[in-house]
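Before any comments, here is the structure.
Readers should treat all values here as calculations from the given coordinates under stated rules, not as data from a laboratory. A quick note: this is a predicted structure, and the numbers were derived from the prediction, not measured. We place every Cβ from the backbone using ideal geometry, glycine too, and count neighbours over all the protein chains shown.
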Amino acid sequence: MKHGLWSRLFTFLPMPTSDDGETVNDEMLRDLIDNQIAHGIEGICVFGSTGGFGSFSEDEMKKATEIAVSHANGRAAVVAGTGARTTAACIRLTEHAYKTGCDGVLIVPASYWPLTQDEVYDHYAKVSAEIDIPICLYNNPWFTGFDMKPDFVAQLATLPNITCVKESSSDLTRITAIRRLTNDTLSIMAGWETSILQALAAGADSWASVCSNFVPSIAKEFFIASVFETNHARARDLWDMLFPLCEFISTKTHIRVIHTGLELLGWSVGLPRRPLRGLNDRDAAKLHDTLVACRATTKAGGALKKGTDGFKRRV
């Protein structure tokens, strides 16, 4: 039986900063959470890839997770990314997320050295045995160098507390394969931003959304039409509106687009932590036009900052 936590849209938030990316902006994190909840979003994730995974210390991650849980205060489910380069660090972060009151955790198998299948299995086995919290596997072979293929996902799904997989390999056949191999008991989170329509149609029941940072209401409407109403014609029409934005996000990298785009929308989220930066002037201008078109099409409204000076902050 699937865990009910995962059957929702999760907005993967950026981690807002100040001081040229060096300080976490606690108040802006609260504001971002409030904005998502005000638009009906029922799940948020901190320290996913969009949230600057790997750019913050354990203490910074723990503090921000505490703020997210406390401020959401049950109004939305909170999932924290607790992946780390060592199993011991992952256990510490996961235990903290559990004690803080997170609803679940997202764990990516991160390592400088490419991991073997036995090493990844052992990593998840040790973490899942230590803390009784719903765990979402995160398959992102483009960044980790390790691809969790469906048969291996099914093997991991037998471990305690493994209740979901975020599938970001871009191979849409994985959705059906995982469903069949796990007897449709493992929740599947669609994580490839340009193929969400197809992933949900194939049976994914959750969405790791980046575009909902910009247009949360229309993203939620699309998700409901896809998953709960199974209104395929309506879902396709809404996806046609969202697709250019999602394509830009995927092409120009999620974290740079989110930090730059939210600044364009008037949210002072600052810059990613160095060495990452925001989009250059040309890409920021393109994002500006893409946001204008998407928000106009979806009637999301809201003015955007214009002019070269607005773009220079993010370079």
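Of note:
- For the chain, the 222 nm mean residue ellipticity estimated from helices alone, with every DSSP H stretch of n ≥ 4 adding -39500 (n - 2.57) and the total spread over all residues, rounds to -14000 deg cm²/dmol.
- Residues of type aspartates and glutamates that Lys149 reaches as a straight line, Cα spacing below 18 Å, ignoring anything fewer than 8 places off in the same chain: Asp118, Glu119, Asp122, Glu167, Asp171, Asp184
- Sorting the segments 249-260, 114-125, 9-20 by their mean number of nearby beta carbons within 10 angstrom, highest to lowest, gives 9-20, 249-260, 114-125.
- At full extension, Phe143 and Arg30 could sit 37.8 nm farther apart than now, given 0.36 nm per residue minus the alpha carbon distance.
- Pairwise Cα inverse-distance average, inverted: Kirkwood Rh of region 33-92 (Å): 12.1 Å
- Cross-link table Lys252/Lys286; Lys2/Lys166; Lys2/Lys63; Lys99/Lys220, entries beyond 21 Å C-alpha to C-alpha: Lys2/Lys63; Lys99/Lys220
- Euclidean distance between Cα centres, region 250-266 to region 79-147, Å: 26 Å
- Relative to the Cα centre, the charge distribution of region 43-135, modelled as +1 at Lys and Arg Cβ and -1 at Asp and Glu Cβ, gives a dipole magnitude of about 260 debye.
- Note that region 16-25 has calculated 3J(HN,Hα) couplings of x, 9, 9, 6, 6, x, 8, 10, 5, 8 Hz, one per residue in order, obtained from phi through the Karplus relation 6.51 cos²θ - 1.76 cosθ + 1.60 (θ = phi - 60°); glycine and proline are x.
- Largest GNM mean-square fluctuation across Ala80, Ala204, Ala225, computed for the chain with C-alpha springs under 10 Å, falls on Ala225.
- Cysteines not pairable in the chain (beta carbon separation under 4.7 Å absent): Cys45, Cys90, Cys102, Cys211, Cys246, Cys294
- The chain, relative contact order [Cα under 8 Å, separation at least 6], %: 18 percent
- For region 173-190, 3J(HN,Hα) per residue [Karplus equation, 6.51 cos²θ - 1.76 cosθ + 1.60, θ = phi - 60°, Hz, x = Gly/Pro]: 5, 4, 4, 5, 4, 5, 4, 5, 5, 9, 6, 6, 9, 9, 5, 10, 9, 6
- For the chain, the alpha carbon positions stretch 53, 45, 36 Å along the principal axes, listed from largest to smallest.
- Straightening the chain between Ala233 and Arg85 buys 48.9 nm, computed as 0.36 nm per residue apart minus the Cα-Cα spacing.
- Estimated translational D of region 1-126 in µm²/s (Stokes, Kirkwood radius over Cα pairs; 20 °C; 1.002 mPa s): 142 µm²/s
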